[in-house]
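Remarks on the structure that follows.
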Amino acid sequence: MSDAFLLSLAGISATLLGTFTLGVFFYLDSSRHHERGTGAAADRYMRSGARWVFAAYSLPLFVPLVVAGVGPRWAAASFALLGTALVAATVDTSRRITAKGATHMSPSVTVNEIATTVLVLLLVALPWAAGGWLPRPSAFVPSLLIALVAAFTSTATFVMYSFDRADDEAADTAERRSTEAG
């Protein structure tokens, strides 16, 4: 596996991570985050989901840099460490989406949660299944691509969920105004 490919993968991940980070800051600063109707359980799930996305983007960001910089042994160690963090984040988001008060999340959030849980199990096991205890750098590539895709779909789901909430809040506001006027 060429260093140029791995560094390009890291660059793509860094760009998407930066974009997601900006989106989170805009969401936190938005009136939708501060208005009534944002339940504590849903808010905790959103924070947990943001941690998950950071962990998912960290795999294709840091592992290629480690492979290119210090070699396969450290890459395997960094993949194991970041993979463990991603599994822990997956357990946390799965636990939080089932919490009372978080069940009003959109169906797309639930489907994304199930799909990414399956993908995380697959991506964590793949390098070790393909390359043994010390996988070749090329054995990490499918997992890194899966992590990138899973993080991107979670980012897209977060954006669409925010749009759906904005539409619901606009409809609630219009309904409240018509009730108050009538």
Checklist entry - In this structure, does PHE140 turn out to be modelled with pLDDT of 90 or more, aromatic (Phe, Trp, Tyr), part of a helix (DSSP H, G or I) and surrounded by fewer than 21 Cβ atoms within 10 Å (Cβ to Cβ)? => result no
Checklist entry - Are any residues in region 117-161 of a type in the set (Gly, Ala, Ser), under 15 Å from the mean Cα position of the chain (by Cα) and over 17 Å from LEU81 (Cα atoms), and if so, which ones? => result ALA150, ALA151, SER154, ALA156
Next on the checklist: If ALA150 meets every condition in (1) of a type in the set (Gly, Ala, Ser); (2) closer than 29 Å to ALA41 by Cβ; (3) modelled with pLDDT of 95 or more; (4) open to solvent by 10 Å² or more (accessible area, probe 1.4 Å) apart from one, which number is that one?
Outcome noted: (4)
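Among what's in region 95-116 and is part of a helix (DSSP H, G or I) and open to solvent by 40 Å² or more (accessible area, probe 1.4 Å), pick the residue that is modelled with the lowest pLDDT.
Filtering region 95-116 down to residues part of a helix (DSSP H, G or I) leaves 95-97, 107-116.
Pick out the ones that are also open to solvent by 40 Å² or more (accessible area, probe 1.4 Å) and you get 95-96, 107-108, 110-111, 114-115.
Working: ARG95: 87, ARG96: 84, PRO107: 81, SER108: 84, THR110: 84, VAL111: 89, ILE114: 92, ALA115: 95.
Across region 95-116, the extreme among qualifying residues is PRO107.
The values are calculated or read from the model by the stated rules, or taken from the named source; none is laboratory data. None of the values given here were measured: they were computed from a predicted structure. All Cβ positions, glycine included, derive from the backbone under ideal geometry; neighbour counts span all protein chains shown. Accessible surface is based on the protein model in full, side chains and every heavy atom, while ligands, DNA and RNA are left aside. Shrake-Rupley method; radii C 1.70, N 1.55, O 1.52, S 1.80 Å.
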